[in-house]
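> Take this structure first; my questions come after.
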Amino acid sequence: RAKPASTTTTTTVVVQVPRPVVQQVPTAAAQPVTSVQVNPDHTILMGQAGIPEADWSYVELLVAKESGWNPAAVNKSSGACGLPQALPCSKLGVGLDDPVGQLRWMNSYVIARYTSWANTWSHSKTRG
């Protein structure tokens with residue numbers, strides 16, 4: 001008698017990471033950023049987060065403004081946290097020890113809300 005063939009069952013699990021739910025904000029025409037010194041350590045993080053190199057100057061300026069590039073930064077009055085100063089912190093979906101994850105979240109947020117890093121910078125300059 002022949003032995004029955006063994007079977008293996010493979011199950012694929014798809015996990016969807018929630019994207020930020022945001023409403024797009026109309027912005028003024030984006031002004032190009034010139035002569036911004038991008039920290040080489042930051043370029044590594046931005047590259048790992050998948051942020052296009054063309055946007056790194058804007059990211060450098062915005063993150064410096066928001067958190068001083070401190071991934072563990074917490075605003076004492078609002079409770080906003082991380083590199084992007086997300087409010088509430090749970091929006092980030094990653095820990096304060098994960099700057100790459102924070103930048104990935106921030107990139108998704110920026111593109112969904114302002115359509116580009118340049119537009120975000122323009123909005124930041126006019127609204128503070």
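> Give me the residue from the range 72-86 that is in contact with a helix residue (DSSP H, G or I) (Cβ under 8 Å, 6 or more places away or on another chain) and assigned to a loop (DSSP other than H, G, I, E, B) and, out of that set, farthest from Gln102 (Cα to Cα). Please lay out each step first, then the result.
Step one: list which residues in the range 72-86 are in contact with a helix residue (DSSP H, G or I) (Cβ under 8 Å, 6 or more places away or on another chain), which gives 73-74, 79-86.
With the extra rule that they be assigned to a loop (DSSP other than H, G, I, E, B), the set shrinks to 73, 79-80, 82-85.
Details: Ala73: 12, Gly79: 16, Ala80: 13, Gly82: 7, Leu83: 6, Pro84: 7, Gln85: 10 Å.
Once the filter is applied, the top-ranked residue is Gly79.
> Is at least one residue of the range 108-123 touching a Lys or Arg at 6+ places or on another chain (Cβ under 8 Å) and more than 18 Å from Ser57 (Cα to Cα)?
yes
> Next question, about the same structure. In the range 72-90, which residues are open to solvent by less than 50 Å² (accessible area, probe 1.4 Å) and closer than 24 Å to Lys125 by Cβ?
The answer is Ala73, Ala80, Cys81, Gly82, Leu83, Pro84, Gln85, Ala86.
> Please go through the range 101-128 and give me each residue that is open to solvent by 20 Å² or more (accessible area, probe 1.4 Å) and over 18 Å from Lys65 (Cβ atoms), ordered by number.
Matches in the range 101-128: Arg104, Ser108, Ile111, Ala112, Thr115.
> Does Gly93 satisfy being of a type in the set (Gly, Ala, Ser), without any contact (Cβ under 8 Å) to a residue 60 or more places away in the chain and surrounded by 12 or more Cβ atoms within 10 Å (Cβ to Cβ)?
Numbers: of a type in the set (Gly, Ala, Ser): yes; without any contact (Cβ under 8 Å) to a residue 60 or more places away in the chain: no; surrounded by 12 or more Cβ atoms within 10 Å (Cβ to Cβ): yes.
No; evaluated as a whole, the condition is false for this residue.
Results for (1) under 13 Å from the mean Cα position of the chain (by Cα); (2) at pLDDT 55 or above; (3) in a loop (DSSP other than H, G, I, E, B), shown as yes or no for each residue.
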site: Ala2; (1), (2), (3): no, yes, yes
site: Thr7; (1), (2), (3): no, yes, yes
site: Thr11; (1), (2), (3): no, no, yes
site: Arg19; (1), (2), (3): yes, no, yes
site: Gln31; (1), (2), (3): no, no, yes
site: Ser35; (1), (2), (3): no, yes, yes
site: Ala54; (1), (2), (3): no, yes, no
site: Ser57; (1), (2), (3): no, yes, no
site: Asn70; (1), (2), (3): no, yes, yes
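The values are calculated or read from the model by the stated rules, or taken from the named source; none is laboratory data. Being a predicted model, the structure only gives us computed values, none of them experimental. Note: ideal-geometry Cβ built from the backbone for every residue, glycine included; neighbour counts use all protein chains shown. SASA here: full protein model, heavy atoms, side chains in, ligands and nucleic acids out. Shrake-Rupley method; radii C 1.70, N 1.55, O 1.52, S 1.80 Å.
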